[in-house]
Amino acid sequence: MTDTLHAVSPLDGRYAGRTAPLSEYASEAALIRARVRVEVRYLEALADEPGVDLSLSGDERATLDGVVTGFDDEDARLVKRLETEGAAGYAATNHDVKAVEYFLRTRTPERLHPWIHFGLTSEDVNNLARRLLLGPAVREVLLPELRAVRESLTELAHDHRDLPMLARTHGQPATPTTFGKEMAVFAARLGRALGRLERATDGLAGKLAGASGSYAAHHAAYPAVDWPAFAAGFVDDLGLEHVGPATQINPCDDLARLFDALQGANDVLLDLDRDCWQYVSDRYLGQEATDDETGSSTMPHKVNPIDFENSEGNLSKANSDLGFLADYVTSSRLQRDLSDSTVKRNVGAALAHCLIGYTKTAAGLSKVVPNEPVMRAALADEPAVIGEAVQTILRREGDTEAYERVKALTRGEEVTLSAFRELFAELDVSESVREELAALEPETYVGVAATLPDEA
């Protein structure tokens, strides 16, 4: 079925165009292709092991390489038929990895058939195949989108480093900041999250140790071979770290680290989405409208912050899935149970929600424009925010009642700059200090905020 209107999940329906870049790494066809790659490379590695009675001719190696490089959708469909209905003289396996073994028999000389999947358990193949897909999915699809968001934040930070803005702590007017500095906070946070995610992606680890993790079948056939060393070298050649010792199952601590790192990046964007939504609501940010776009089905004037809202929803769903996955895949009853198998099939869905969220945040940032007059007007309406500066300067001058003096003037009151200046006139301070206090204004009370974007 190719009609997205009938898709069960919005990831393959409404959002199919947005999630398409992940298909190469998260689809059933991709997983089958990766399993074939692992099986073929393992067969080649066996032939390269001096202690194993297997050799490959140049033509046979070329044939095997061709199976991997030429693997296409028709091949994937054949594997699926071998699993579900039977094909090429084989009855249905009802086992996805066994179907790959039989597929390879249809593509290789008969003398190689006993060596395909030699000594392996299906999890040896699956854990490696999934990581060969997961690493590139994050590196090639998700990380570029996150970097693009960070670049947008950095650009906003530098372009608006001097634009003063009323800050709010606990939702109440607080010491002013600049819009650029606030964007720099998110750029810096996302940069740190990116570094953590890159390290987690590079740290994916694979296992190849047989049915109970003891290399028992391998050792029984060739006791003189150092199978742990063989496995470590094979896994390393695939571009993964080797994990050992293990049970039948890879302990998946590496996946938990990766899923947690994704959650960390998502948390930064969720915080950003919600702040931008509030800034739009307060009219601190305007949105560029598209003439043919409908904001509301009943209120024609509306330009809704739908990109930030959509991102928030998708990233929240992604984090729910990622948290569940990180918790679930790191436990398995005794040496193996199969409950994780169906759970791991949902990793692609979690990545897809991440991808939608990242692209929607990027779209939202591309449409917003700081509304300078509104920001400056909001500052002018809250002269009380200079109270912090006033009491701090008075403390410097030795006034032990500075905080209480300003508190009495401002707390719960509609204070004005004139009221502050009346207070200044009554103070027992030098004229230079009085002038210093009188020069304070909300718009200029931003500290060194304008320089902080450089740190992002």
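The values are calculated or read from the model by the stated rules, or taken from the named source; none is laboratory data. Note that the structure is predicted; figures quoted are calculated from it, not measured. Because the Cβ atoms are built from the backbone with ideal geometry, glycine has one as well, and the counts that use them run over all protein chains shown.
Given the conditions (1) under 24 Å from residue 164 (Cα atoms); (2) under 48 Å from the mean Cα position of the chain (by Cα); (3) not aromatic (Phe, Trp, Tyr), and given that residue 418 satisfies all but one, which numbered condition is not satisfied?
Exception for residue 418: condition (2).
Only residues that are free of Cβ contacts under 8 Å to residues at least 24 places away in the same chain and not in a strand (DSSP E or B): list them for the range 167-184, please.
Scanning the range 167-184 gives 170, 171.
Restricting the range 91-110 to residues that are among the basic types (Lys, Arg) and assigned to a helix (DSSP H, G or I), which is farthest from residue 23 (Cα to Cα)?
For the range 91-110, the residue satisfying everything is 105.
Checking residue 113 against (1) buried (at least 17 other Cβ atoms within 10 Å of the Cβ); (2) touching a helix residue (DSSP H, G or I) at 6+ places or on another chain (Cβ under 6 Å); (3) assigned to a helix (DSSP H, G or I), which single condition isn't satisfied?
So residue 113 meets the others, but not (1).
Going by the structure shown, is residue 209 crowded, with 22+ Cβ neighbours inside 10 Å, more than 29 Å from the chain's Cα centre (by Cα) and not in a loop (DSSP other than H, G, I, E, B)?
Against the criterion (crowded, with 22+ Cβ neighbours inside 10 Å, more than 29 Å from the chain's Cα centre (by Cα) and not in a loop (DSSP other than H, G, I, E, B)), residue 209 does not qualify.
Taking the range 116-131, which residues are out of contact with any helix residue (DSSP H, G or I) (no Cβ under 6 Å at 6 or more places or on another chain) and not in a loop (DSSP other than H, G, I, E, B)?
123, 124, 126, 127, 130, 131 - these are the residues of the range 116-131 that are out of contact with any helix residue (DSSP H, G or I) (no Cβ under 6 Å at 6 or more places or on another chain) and not in a loop (DSSP other than H, G, I, E, B).
Yes or no: the range 54-71 includes at least one residue that is among the basic types (Lys, Arg), loosely packed, with under 15 Cβ neighbours inside 10 Å and not assigned by TED's automatic domain parsing to the domain that holds residue 212.
yes
All but one of (1) farther than 25 Å from residue 205 by Cβ; (2) in a loop (DSSP other than H, G, I, E, B) hold for residue 52, so report the exception by its number.
(1)
Conditions tested, residue by residue: (1) within 16 Å of residue 106 (Cβ to Cβ); (2) among the acidic types (Asp, Glu).
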site: 15; (1), (2): no, no
site: 24; (1), (2): no, yes
site: 34; (1), (2): no, no
site: 37; (1), (2): no, no
site: 49; (1), (2): no, yes
site: 54; (1), (2): no, no
site: 68; (1), (2): yes, no
site: 74; (1), (2): yes, yes
